[in-house]
Amino acid sequence: MEFQVPTINILLIAPAAIVAGWGVLLMLIELFISDEAQEQWRQIVPGLALVGLALAFIQTVGLWGYDGGTFILADGHPMIVVDNFATFLNIIFLLTGALTIFISVDFLRRTGLERPEFYMLMLFSISGMMLMGMANDLILVFLALELLSIPLYIMSGLAWPRTDSEESAMKYFLLGAFSSGFLVYGIALTYGATGTTQLPGVMAGIANGGSLALAGAALLLVGFAFKVAAVPFHMWTPDVYQGAPTAVTAFMSVGAKVGGFAAMLRILIIALPGLGDVWAPALAVLSALTLIVGNVVALVQPNIKRMLAYSSIAHAGYILIAVASAPASPDGVSAALFYMFAYLFSNMGAFAVVIAIERKTNEGVMLDDYKGLAKRHLGLALAMAFFMLSLTGVPPTGGFSGKFFVFKAAIEANLIWLTIVGVITSAISGYYYLRVVYTMFMQDGDGEVAAPEALKWTVGFAVLVTAVLGFIPGPWFDIARQAALQGMQMVAGG
Amino acid sequence: MDNQILIDYLPIAVLLGISIFFAVLLPVLSLTLGPKQGAKRNLAPYESGMTAIGEAQRRLPVKFYRIAVLFILFDVDIILLVPWAVTFRKLGLYGLYAMLIFMVIFILGDAWVWKKGVLEWD
Amino acid sequence: MIPLSWYLLVAAALFSIGLYGVLARRNAVAILMGVELMLNAVNINLVAFWRYGRFPEQPVGLAWAVFVLTVAAAEAAVGLALIISIYRHRDSVVAEEMDTLKN
């Protein structure tokens, strides 16, 4: 067979390449920092990492509206596609990274975790997330997933030799490796059933794949369910979220989850629409379980980080509702995208407040530490209350709009029972979210709050976006719809 | 074809079932049937007499581990290089450039390892 | 020629053994070995599917097996580093004893 050089347009992968390359660059620069200059180096690394993210952001925004691919092989299928779906998700990932840097600089300094590798590992992880959204080939999905996960394993253990951090890293690693074993076995079976790993090729071949394809799809789902922490594959989440340094928890509660959903959506919608009547009900059941377990177990958590871990499980359930309704509702994917965008800001904001309250590593993360926050720092308390309302889904917040669109998509897809489960569990979630608000405003307590400028501005920004998403969701949803439509069009166009 | 694959996979399903069954069964059995260790005392190295004292944490040299990881690194590097070497002529310049990029990144990594002093034994 | 299903059976058996190892073993190193077995089972599958597949002229399965190996090596390196780090502080690599994270 004659070898044909793939068509490559390097500009299209530039966002991910910049982020990864920037990480490599920072690592190399660090080699030449003398011992005396280490202190200054530690202070400028976060800024440098932000510059890298900003460069990638500019490039990403410039690609909005573009629809094409790069690394196009001889048979005309690209390995990497750049469409609005990918661009939208890339923006989410870059924002996640930037917000994480803003809220973690002071936290890391004060807890003695100021290790420059945190930012470099984060850049690598972000590049993996970005590739998850752009991957059009199952091999690349797997590689991107590992690129996303492996830095996260290390980041969870950032606070070594603290036992809880090491334990969290170990658990995350063992279960993450375990789940990627399932995922890659599923990909191998899919490859066996269809003879190709390219998503469009898989779509064409899946109809004749028979039981092999079904087994492959099932294992793929299990792998992704682990990554996005859907019940019953969620066991690792609370421990990992609790043990990891809070800055890392904030990063992975948004980044890793959205990354998992990015690849899940693209694979399910583009490669496996033919099996839609099989995976949609399975996902619906999964999502109902996730909603119930996540929200009910969160009720009894005295530790805020653990509570937010279960809450993040529950939110994976809401996104899963949207995914499950995607085959039957035109707005399923866009509802999922919008929900993730709103979740990014509510959750990041909540974690920013948690970081402000946390005095030392994993001290001051219990609910009792929030007593009287309203008297100590009214601004943060109000912001936290707003984020809690948004996570509950009370109007007029981004969380409400997100849930509204998700439930609307579910009703369109005739998943009435799932909508009812979603509404009831939202009501349940109100109990543990509003308990935080009650503790902050109605009880007395003392303790210092560390709210440097960067963190305040981040919280303010998150409040602003959450409010805007709540008051005028329309235009934002249209953007999400544009992002989702292209994914669907590719299905129609073959 | 479809049925054939289904039949082929029956043993796998059985095997999977058995392995999951055992994986669940054995811990459950050891939990329910095994002797209960009640007090924390029973778990101590010496149940009676002096309490064990001394540093439970001891330093463990990691240099062997570092060398082992470096070995894996070069190992995998070779795995990726060999297929390229085999198809060198077919891939032509494109392959050369692709591998050049890969090798540059790899060598940068090596430089990092070297500069960080991982290669020094003492 | 040996039929494809034999290879698939070997791979599935290996995968199940790995799965059993992950679920039943308590030592973190043994769990990691189980994971590696699972990934190697995937490699057998990939190469077998390539050899018997519809497009043997496209060595996708082969190329992919190389990538899986690479990723497995990276995972093992990180995992063993974590295990060593824990062992240095705790003198134990038993997964069940890692139980400080409870409420």
Inset, instruction - Determine whether residue A:100 is at the interface with another protein chain (Cβ under 9 Å from one of its Cβ atoms) and either assigned to a loop (DSSP other than H, G, I, E, B) or within 18 Å of the chain's Cα centre (by Cα) (or both). - result: no
Legend entry - residue A:13 vs. criteria among the hydrophobic types (A, V, I, L, M, F, W, C) and buried (at least 17 other Cβ atoms within 10 Å of the Cβ): yes
Legend entry - Unmet requirement for residue C:2, which otherwise passes all of (1) more than 22 Å from residue B:17 (Cβ to Cβ); (2) at the interface with another protein chain (Cβ under 7 Å from one of its Cβ atoms); (3) among the β-branched types (Val, Ile, Thr): (2)
Legend entry - Residue under evaluation residue A:364, criteria (1) outside any helix (DSSP H, G or I); (2) modelled with pLDDT of 90 or more; (3) small (Gly, Ala, Ser), criterion not met: (2)
Legend entry - Residue count for the range A:118-148, restricted to those that are touching a strand residue (DSSP E or B) at 6+ places or on another chain (Cβ under 7 Å) and crowded, with 24+ Cβ neighbours inside 10 Å: 6
Inset, instruction - Of all residues in the range B:96-121, count the ones that are closer than 26 Å to residue A:17 by Cα, more than 8 Å from every other protein chain (Cβ to nearest Cβ) and out of contact with any Asp or Glu (no Cβ under 8 Å at 6 or more places or on another chain). - result: 14
Inset, instruction - Run down A:47, A:76 and say which single residue is in a helix (DSSP H, G or I) and exposed (fewer than 13 other Cβ atoms within 10 Å of the Cβ). - result: A:47
Inset, instruction - Answer yes or no as to whether residue A:347 is touching a His at 6+ places or on another chain (Cβ under 9 Å) and of a type outside the set (D, E, K, R). - result: yes
Inset, instruction - Tally the residues that are in a helix (DSSP H, G or I), within 7 Å of another protein chain (Cβ to nearest Cβ) and surrounded by fewer than 22 Cβ atoms within 10 Å (Cβ to Cβ), restricting the search to the range C:25-59. - result: 0
Legend entry - Members of the range A:418-470 that are within 30 Å of residue A:328 (Cβ to Cβ) and not β-branched (Val, Ile, Thr): A:418, A:422, A:426, A:427, A:429, A:430, A:469, A:470
Legend entry - All positions within the range B:76-122 that are closer than 26 Å to residue B:63 by Cα and aromatic (Phe, Trp, Tyr): B:106, B:112, B:114, B:121
Inset, instruction - Would you check if residue A:149 is small (Gly, Ala, Ser) and over 30 Å from residue A:451 (Cβ atoms)? - result: yes
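Conditions (1) touching a strand residue (DSSP E or B) at 6+ places or on another chain (Cβ under 9 Å); (2) more than 30 Å from residue C:64 (Cβ to Cβ), marked per residue:
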{"residue": "A:32", "(1), (2)": "no, yes"}
{"residue": "A:41", "(1), (2)": "no, yes"}
{"residue": "A:65", "(1), (2)": "no, yes"}
{"residue": "A:68", "(1), (2)": "yes, no"}
{"residue": "A:92", "(1), (2)": "no, no"}
Inset, instruction - For the range B:56-69, state whether one or more residues are at pLDDT 75 or above, assigned to a helix (DSSP H, G or I) and closer than 28 Å to residue C:62 by Cβ. - result: yes
Inset, instruction - Look at residue A:292 and say whether it is at pLDDT below 90, in a helix (DSSP H, G or I) and under 22 Å from the mean Cα position of the chain (by Cα). - result: no
Inset, instruction - Please work out if residue A:337 is in contact (Cβ under 8 Å) with a residue 40 or more places away in the chain and touching a strand residue (DSSP E or B) at 6+ places or on another chain (Cβ under 9 Å). - result: no
Inset, instruction - Could you tell me whether the range A:20-40 includes any residue that is hydroxyl-bearing (Ser, Thr, Tyr) and within 30 Å of residue A:460 (Cα to Cα)? - result: no
Legend entry - Residues satisfying the stated conditions in the range A:1-10, i.e. loosely packed, with under 11 Cβ neighbours inside 10 Å and modelled with pLDDT of 80 or more: A:10
Inset, instruction - Keeping to the range B:74-86, report how many residues are within 14 Å of chain A (Cβ to nearest Cβ) and either closer than 29 Å to residue B:112 by Cα or at pLDDT below 85 (or both). - result: 4
Legend entry - Exclusive hit being farther than 19 Å from residue A:393 by Cβ and buried (at least 23 other Cβ atoms within 10 Å of the Cβ), set A:322, A:326, A:284: A:326
Inset, instruction - Would you check if residue C:22 is surrounded by fewer than 19 Cβ atoms within 10 Å (Cβ to Cβ) and either at the interface with another protein chain (Cβ under 7 Å from one of its Cβ atoms) or more than 16 Å from residue A:193 (Cα to Cα) (or both)? - result: no
Inset, instruction - Check the range A:232-252 and report whether any residue there is farther than 30 Å from residue A:106 by Cα and away from every other protein chain (no Cβ under 14 Å). - result: yes
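The values are calculated or read from the model by the stated rules, or taken from the named source; none is laboratory data. None of these values were measured; they are calculated from a predicted model. Glycine also receives a Cβ, built like all others from the backbone with ideal geometry; neighbour counts cover every protein chain displayed.
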